[in-house]
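See below for the structure under consideration.
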Amino acid sequence: MELMSCGYRNTTERMVIVRCCGPDQFYLERVVFPFELLSFHCPPEGDVEIWTHGLGGPELLERLQGRELLIEQPFSPTTMNLTPAPTPWLQTG
């Protein structure tokens, strides 16, 4: 599964909960304190919700696509070239 590096900064003075749901049963839930930056990985199709607690119970503050929180290009282990560079320490002879 391809994952993206994402970031969310809590700019409020209240603690929030970040929930990310994606395909293949992907689920992530983290508490983010005021003014804290959360870095996380999520699939490009992931939906991110920001929740807080009010007087009436849980309140949905914001709903975003994972792509909106992108801080780096998507990472996929299958697209990386993992061929080792030649080195004299690994050569036989």
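Coordinate-derived values only; no laboratory data. In this text the structure is predicted, and so the values were computed from the model without any measurement. Every residue, glycine as well, gets a Cβ built from its backbone with ideal geometry; the counts of neighbours run over all protein chains shown.
Residues are listed down the side, and each one gets a yes or a no for (1) free of Cβ contacts under 8 Å to residues at least 40 places away in the same chain; (2) in a loop (DSSP other than H, G, I, E, B); (3) of a type in the set (D, E); (4) buried (at least 18 other Cβ atoms within 10 Å of the Cβ):
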| site | (1), (2), (3), (4) |
| --- | --- |
| R14 | yes, yes, no, no |
| D24 | yes, yes, yes, no |
| V31 | yes, no, no, no |
| P44 | no, yes, no, no |
| I50 | no, no, no, yes |
| H53 | yes, no, no, no |
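Which residue is farthest from P58 (Cα to Cα), if the candidates are limited to region 1-12 and must be surrounded by fewer than 17 Cβ atoms within 10 Å (Cβ to Cβ) and not hydrophobic (A, V, I, L, M, F, W, C)?
Taking region 1-12 as the starting set, the residues that turn out to be surrounded by fewer than 17 Cβ atoms within 10 Å (Cβ to Cβ) are 1-2, 5, 7, 9, 11-12.
Narrowing further to those that are not hydrophobic (A, V, I, L, M, F, W, C): 2, 5, 7, 9, 11-12.
Working: E2: 31, S5: 27, G7: 22, R9: 20, T11: 18, T12: 16 Å.
By that ranking, first place goes to E2.
Go through region 27-60 and give me each residue that's touching a strand residue (DSSP E or B) at 6+ places or on another chain (Cβ under 8 Å) and at positive phi. Step through it out loud before you land on a result.
In the first step, residues of region 27-60 are kept if they are touching a strand residue (DSSP E or B) at 6+ places or on another chain (Cβ under 8 Å); the result is 27-32, 35-53, 58-60.
Hit for region 27-60 is F35, nothing else.
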